[in-house]
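Since the structure comes first, as structure tokens, the remarks are kept for the end.
The values are calculated or read from the model by the stated rules, or taken from the named source; none is laboratory data. Note that this is a predicted model, so its numbers are computed, not measured. Methodologically, a virtual Cβ is constructed for each residue, glycine included, from the backbone with ideal geometry; neighbour enumeration extends over all protein chains shown. Remember, those area values only see protein heavy atoms, side chains included, never the ligands or the DNA or RNA. Shrake-Rupley method; radii C 1.70, N 1.55, O 1.52, S 1.80 Å.
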Amino acid sequence: MALRFPKAKVFAFDLNESALQLCRDLASLNGVGERVNLSSECAPATLAQIASTGKTLIICDCDSCELALFADEILPELSECDLLIETHDCLNMNITSTLRYRFQESHSIRVIDSIADIRKVFEYRYDELEAFDLNKRKLLLSERPHHQEWFYMTPLV
């Protein structure tokens, strides 16, 4: 049975025009093009406006502008939103602590840690990797040179 979300809308933002075009093309191929709204930039006021449309899930990977995007002045509008935010302390070491402080009164915060690339070499068991030695697996599985966290936040209300 296919799930249907007839009222669900997607708002996607990317500074890269090629990424936006690819998203547009994929949405069209999947028959949901009319529900996908694309733009090159997202501001705090934009997030607040989207949050006001009803039940909202915000997924954010904005490479260190988290503090500007999730500004204090829009926190009330986000109080009923679910959020998944990739934090980039590798670029600004205050991001996770500030976001935790900002959302502690309104959201339950679950931290999801990345798996170190070296750990993936020894723990990932996929048939496609079996033919490769450890060094080649490390090359294939290396995603980032640093630790990464995501905050999955759900409203306390």
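One table, with the values for the structure above:
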item	result
For the stretch 22-151, the fraction of alpha-carbon pairs in successive 10 Å shells from zero, as %	10, 31, 27, 24, 7, 0
Sequence-distant lysines (8 or more away, or on other chains) whose Cα lies within less than 24 Å of K9	K55
Normalised contact order of the chain, rounded percent, pairs of Cα under 8 Å and 6 or more residues apart	22
Rounded percent of accessible protein surface that carbon and sulfur make up, the stretch 51-138, 1.4 Å probe	51
Where the chain is the region considered: accessible area per residue in Å², 1.4 Å probe	68
³J(HN,Hα), Karplus 6.51/-1.76/1.60, whole Hz, each residue of the stretch 82-98, x for Gly, Pro	8, 9, 10, 10, 7, 9, 10, 5, 5, 9, 8, 5, 9, 5, 5, 5, 5
Cα centre as origin, Lys/Arg/Asp/Glu Cβ charges: the chain dipole, Debye	440
Cα centroid of the stretch 137-157 to Cα centroid of the stretch 78-110, whole Å	14
Under 5 Å, built H, 5+ apart or other chain: amide partners of I59	L84
